[in-house]
Every structure is written in structure tokens, then in C-alpha cells.
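Written out below as C-alpha cells is the structure these notes cover.
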Amino acid sequence: MFVVVDILACFSLSAQDWTGYHSSNYAGIHAVNYNPAFLAGNNYKLDVSLLAGHFQIQNDFVGLDNQVIFEPTRTGSDPDFNRQYLRFSDHTQFYSAFANVHIQAPSVLWQFSPRDAVGFSPGLRVFMNASHIDRRLARLAIEGLDYPPYWNYDQDNLYMRINAHAYVEYALSYARTLYNDEGLVIKAGITGKLLQGISAAEFQGTGFTHSFQNSDTIDVRRFDGELYMSQGVANQSPGFRFEGGPSFGLDFGVIFEIHPGNYQKKGLVSQRNYVRKKGLLTEDETPYTARFGFSVSDIGVLSYATDPSSAIFYINRDSIPLDEFNNIGSASGLGTFLETNYQGINSNDSSFSMLLPTTLRFFGDLKFIHNVGLHAGLQVGLFGGRASRFKNAQLTQFIVTPRWEIKWLGVYIPFGIDEMGLFNWGISLRAGPLVIGTGDLLSNLAKGYVMGSSFHFGIRWVFPLVNAPLRNPGCNPYDRSYRAAPFFKKKQRRRP
């Protein structure tokens, strides 16, 4: 239980991958995790991502006043910091926290035919979940247990869970346009992943009944707990070495596109599009009017050897002095102490398996005139319930993203609400090879306090198609037949 207090404090005091930008028709290899079918029939013959990343952390219990971010020196020295600059929520009895890091290493997309594309995207993934944490316990953790209103108050919690997992994936993707006729296009994609685990840990407890007498003493009438750790977590020796796997993972997705019906099968788009300049009036070269998709990502599991200092324990004791834990200096020391002093009925398993954060995604996308579009997506994170032992989970959230974009520029404004009941409003910008954005900056500024933060970036080197599909829909997007249009012919100079 005491490790819970420490971990909760870390979550509370620290503040959809690529939110907003994920809806872009120019996301290229950055969209592969959202739905691998996006690789087929996209706007790039070759897309090289030099580096990209997404970071997100949030909770639904405590918020940090924006003054702390803008004036850290003044606010940090305030002796009454918690009361002045922390905003506590009391909308429910139990709270959660979530963290997600995705670093995409140098990656590449190659569209080698009008229908086929492949991609390779290695990356580092990190997930942390804390779920079903009692409101009073969370407040005591933040206050360092020095909060008299919650002393001598019996607290009951049927279960709680905190876990963390870091691993590396080497993802090879293939996407194909399966059908393209009569205004309907169907695309499908699949990603196979080689997985290697870096480290993993899980703390979970059931039947937790306790009462703090004061900041120094606790009564625990019942607590069945488990603390499983891989070697790197137990020894607190982080490093880029592999402790789990290797194993395999899988993503797959399907996209349906509805195209306008006024295309000529073997010719050009209506000539009115070629009046003012060479090419189209708009640089947005994606031809659909409506698009719908479904995908499943992060199917897989990684197994780890259980460190000997892991513990299965049972506590039923009154008046436990908390200074018993003062000499514990590491995670392995905590596990050994619990196993020695509060021996459980069962022994530790020799290994444990962490399921990846399997996620379902559904989306609909409409494209309007003047390069304006609207994307709506539902992300459902599986394995977030009570039975989710040794499983990470993505946040379930619904996001609507208006956008404006052309070939080298894009602006995306995502509005979202998630399972924690938090409303987020962000902005993402794309300019040439650079992408930068956040999923919640604008809402954090509007509310005046922060309950989470997300940030993403990308640096790319792209090679657009010679002839994008809109210029010659229904034909080979690699040919130059559109140059036969009369206005492309060079004017001949009259000889004097």
C-alpha cells in the first residue's frame, strides 16, 4: 500500500498519438499506428520520417494552476502551495492516471505501385496506468499524509492497480487498394511487429480496508497485494537492454472512401479545374468526399522473468508505524520487506506476461471545399477494467478535428473528451517537413489549470507523387497524361 502512496504522488505532481495531426491526408508514415490502411493511395511516393514523438500524461483528480508554469520561482516558494495552486476534483469516488510515450525512430514509407505501399517504423513505447484509486488515499498522498480531515476515516477499496511497461517495436507494414471502381475505394493494411521488452512492473491489491490514525500510523484491516517486477525495475537500473520477449504483435485496418461521381474513367477531372493555373485550383490532392475506417492496434503480449524481490503479501494489522518503511531504499528492498514481514499464501510466479494496450479505432472524415475537412474518431482502449491484470490500456476518447491543409501546410484543431471526463482542445501545425502540436494546450489556457499535457512533433523528408490521384482519378497516378491538357502546352513565340 505504501508504494501506492509514492507512485500516486509522482502521478499527481507531474503534469491518441499525434492528436489532431492524425487526421491529416499528409500524415504519411506518421499515420501507420492510427490505421495502416492510410499508407495505400496516399500523397507520397516516398516519405522518410527522421524523428517523431508523442508524449501524454494526465489524471482526473488534481490540476496545477497555470501560474506555476509561468512563474515557477514565485509560486514554488509559497509555503501554502497545495491550497493556493492545486485544484482538486471531487466528481467521483475513484480516480485514474495515465501516461503514454511513443518515440518513432527513423521510418520510411514507399508507395511502389498505384495500389501498393510498404512502411517500416521502429519505435519506443511506454505506458503507465493507475486505476480505481480512492479519492481520500489520493489526497493523502498529495498532502504527504498530513491531512487531518481524512484521519480516522475507514476507507474501503475493492481493488486498485498501477502498472508500467516499456518496450521496443520493429513494425513492418503493407497496405493495398483492394477495390477502386464506381466512386468507391476500399483500402486495407496490416502491420507485423517484432517486440522486445525493456521493463515492466505491476502493483495490484484487492479488498483494501484501512484507516490512517495520523501521518505516522495506519490501521490495515485487510489488504491482499501483489508486486511484480522485472529485474530493471527492481534494481532501479534503467537502461536500454531487453528483459522481455522477443515476441510478435499485430495491427490491421480497413478504410472505405467515397469519391465524387463526375470523374472521367480514362481522362481528366472536369476542365473547369484547370482554368487559372497549371494544376488544380487547390493543392489538396486527395480525391475523396467522405471516408470511413476501422482499425485494431497493439495486439500482442510480452513475457518477463519475475525478479526474486517481487512479493505476494497479505496485511491485517492495526497501528502500523510508517517509520518501518524508512530504511527501504529501492523497489527490490520494498518487495523483500513485504515478502518477509507480510508473507502471502501463494508464492511468486517465475514469470509474468504484459499484454499490449490493444485499441479499437473508428473514424469518419468529410472533405469540403477550399481544403477544409472534418474528422471524427472514437478510440476505445481495451483492458481497462477490474479484470485487467498485467495489461496496459489506452484512454477511451472521442475527438473531432476540423482542419485546413494543402500540400505543404496544415492546421488542425482537435476537440476531445475522454473516459476521465476531461475536455481537451488543442492545435497542431504542419509546415513543410516540420510537424508540431498539442492535444490540450488551448483548453489548459482557457481553464487556467492543467490536469494533463500532451505534445507531439515530427521531422520529415517527403517526395510527393508526380501526378496525384485527383489529377487523373481512375488512372495510374504515376503517369503524366494530364500534361496533355491544352493549357499545359507551351505557347510558341511568333517569329518577327
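The values are calculated or read from the model by the stated rules, or taken from the named source; none is laboratory data. Keep in mind the model is a prediction, meaning the values are calculated, not measured. Using ideal geometry, Cβ is built from the backbone for each residue, glycine included, and neighbour counts are taken over all protein chains shown.
Results, tabulated for the structure shown:
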item	result
Residues that are more than 37 Å from the chain's Cα centre (by Cα) and among the basic types (Lys, Arg), drawn from segment 208-231	221
Residue check for residue 107: under 26 Å from the mean Cα position of the chain (by Cα), within 30 Å of residue 300 (Cβ to Cβ) and modelled with pLDDT under 90	no
Selection from segment 351-368 of residues that are within 15 Å of residue 25 (Cβ to Cβ) and either among the β-branched types (Val, Ile, Thr) or not in a loop (DSSP other than H, G, I, E, B) (or both)	363, 364, 365, 366, 367
Residue ranges of helices (runs of 4 or more DSSP H) in segment 47-159 with at least 2 members of a type in the set (S, T, N, Q) and surrounded by fewer than 18 Cβ atoms within 10 Å (Cβ to Cβ)	66-70, 72-76, 81-85
Cβ-Cβ under 8 Å pairs, at least 6 apart or on other chains, segment 148-167 side over 26 Å from residue 300 (Cβ atoms), far side of a type in the set (A, V, I, L, M, F, W, C) and in a helix (DSSP H, G or I)	150/140; 155/137; 157/137
Criterion: part of a helix (DSSP H, G or I), at pLDDT below 90 and of a type in the set (Phe, Trp, Tyr) - qualifying residue of 38, 11	11
Leading residue by the ranking (nearest to residue 122 (Cα to Cα)) among those in segment 34-54 that are in contact with a Phe, Trp or Tyr (Cβ under 6 Å, 6 or more places away or on another chain) and among the aliphatic types (A, V, I, L, M)	48
Residues satisfying the stated conditions in segment 408-432, i.e. surrounded by fewer than 16 Cβ atoms within 10 Å (Cβ to Cβ), within 17 Å of residue 378 (Cα to Cα) and aromatic (Phe, Trp, Tyr)	423
Number of the condition not met by residue 210 [criteria: (1) closer than 27 Å to residue 316 by Cα; (2) outside any strand (DSSP E or B)]	(2)
Criterion (surrounded by fewer than 21 Cβ atoms within 10 Å (Cβ to Cβ), of a type in the set (Phe, Trp, Tyr), part of a loop (DSSP other than H, G, I, E, B) and at pLDDT below 90) met by exactly one of 263, 288	263
Which listed residue, of 365, 323, is among the acidic types (Asp, Glu) and over 22 Å from residue 437 (Cα atoms)	323
Residue in segment 163-180 that is small (Gly, Ala, Ser) and at pLDDT below 90 present	no
Filter result for the condition that a residue is modelled with pLDDT of 85 or more and closer than 20 Å to residue 418 by Cα, over 297, 310, 353, 319	297
